[in-house]
Amino acid sequence: MPIQHAETIIDNLNGSRPATVHVANLHFRYPDGTLALNGVSLQVAHGEKVALVGPNGAGKSTLMLHLNGLLQGEGNVEVGGLSLTKEHLPLIRGKVGMVFQNPDDQLFSPTVFDDVAFGPLHMGLPEEEVRKRVQNALAHVGMSDAASRLSHHLSIGQKKRVAIATVLSMDAEILALDEPSAGLDPRARRSLIGLLRELPLTMLVSTHDMMMVRELFARTIVMDGGRVVADGDTATILADQALLEAHGLELMV
Ligand SMILES: Nc1ncnc2c1ncn2[C@@H]1O[C@H](COP(=O)(O)OP(=O)(O)O)[C@@H](O)[C@H]1O
Ligand SMILES: [Mg+2]
C-alpha cells in the first residue's frame, strides 16, 4: 500500500495517533470582561486536518490565539507534548504557525522576500539557509515569482498565500489558520483549497466556508458561546440540520 494512502487511512481514524494539540477545560476572559472561552476541550492528532466552525463570536479566533500563547487563559494547553508555559513558549511558537484572518496583520516588511525571511532571520539562521527556506516556502504557495514584489501591493489571495509562506519558512508543524478563504474570489479560493490539501501538516482551520469544510476536512469541531458543541466526522455533522441551524451554520448547495 502506498505510504500516502496508509497515512490517509490513519488520518481518518480520529485520535489513533498521539494528540499533538491538547486543550483541556480552557477558559478565557478579555480584559473588558467578555467571557470568550468557557471550558473548551479538544484534541488534534498529528497529521490531522480539522475544521473549526461556529457563528461570529463563538470563540474560534480566541481559541486559536491560545495555541501559540498569544493569549493565555485558565486551563491546559499542550502542543507537541509540551505544556504551554513561559519556559516552552519559544519552542511552541516554532511549532505552531498562526495565520491571521487579515494578512495585513501578518505582512509588514517592504517585500515579500523580507516578510517570509523575517521568522528564519529572527531564529538566527545563516543567510544561505534563510534564502533556501524562503524559496521553498514561496514555491509551496505558488508565489516564487513574487519574492521581490511589495507585499502591500498584492491581491488579498496573494497576501494570504504569502502569510502562509511566512509560517512555512519557520518550519511549523501545526498550522492554525483563521478564516483563510474569507474574502477570496472563486479562483483564489480554489487554489487555496488545493494548497491546504497538499500541505502535509497538522491543521486547525476556522471557517464559515462550509463547502470547503465538506471538501477538505474529515473532521469538524463546532463551537458556540465559548464552548465546543459538537466534534466529529464532517459528513455526520453536515447532515445534522438541527445542529447546523441551532448554531447559525448553513450548508449552501
Ligand atoms: N479584543 C477583544 N476584547 C474584548 N472582547 C473580544 C475581543 N476579541 C473578541 N472578543 C469577544 O470574544 C468573543 C469571542 O470572539 P472571537 O474569538 O473573535 O470569536 P469568533 O472568532 O468565533 O468570531 C466574542 O464575544 C467577541 O466579541
Ligand atoms: Mg474569528
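For Glu179, the residues 5 or more places off, or on other chains, whose built amide H falls under 5 Å of its own are Ser206, Thr207. Computed over the alpha-carbon atoms, region 97-157 gives an Rg to Rh ratio of 0.94, Rh here being the Kirkwood radius from the mean inverse distance.
Overall, the anisotropy analysis places region 22-117 in the prolate class: the square-rooted eigenvalues a ≥ b ≥ c of its C-alpha gyration tensor yield a/c not less than 1.5, with a/b exceeding b/c.
Please work out how many pairs of lysine residues in the chain are eight or more positions apart (or on different chains) and have Cα atoms closer than 25 angstrom. So the count works out to 14. Computed over region 175-253, the quotient of the alpha carbon radius of gyration and 2.2 N^0.38 Å is 1.09. At each listed q (0.29, 0.30 Å⁻¹), what is the log10 of I(q)/I(0) that the Debye formula gives for region 209-252 modelled as equal alpha-carbon point scatterers? Listed by q, the Debye log ratios stand at -1.18, -1.25.
Using 1/(1 + (r/R0)^6) with R0 = 30 angstrom and r between the beta carbons of Thr34 and His152, what's the FRET efficiency to the nearest 0.05? Walk me through the numbers on the way to the answer.
Values: r = 32 Å, r/R0 = 1.05.
The value I calculate is 0.45.
Over the Cα atoms of region 95-219, each weighted equally, I'd like the Debye log10 I(q)/I(0) at q = 0.16 Å⁻¹, rounded to two decimals. With no solvent term, the Cα-only Debye profile gives -0.71. Calculated mean residue ellipticity at 222 nm for the chain: -10500 deg cm²/dmol, from DSSP H runs with n ≥ 4 weighted as -39500 (n - 2.57), summed, divided by the residue count and rounded to 500.
For the listed peptides 197-208, 70-81, 240-251, a ranking on the average number of other beta carbons within 10 Å per residue, highest first, reads 197-208, 70-81, 240-251.
Taking a quarter of the surface of the Cα convex hull of the chain, what do you get in nm²?
Working: hull surface 57.8 nm².
In nm², the orientation-averaged hull projection of the chain is 14.5.
Any read-out appearing in this document is the output of simple, stated calculations on the displayed coordinates, not a laboratory observation. Because the structure is a prediction, the values reported are computed rather than measured. Note that each Cβ is placed from the backbone with ideal geometry, even for glycine, and that neighbours are counted across all protein chains shown.
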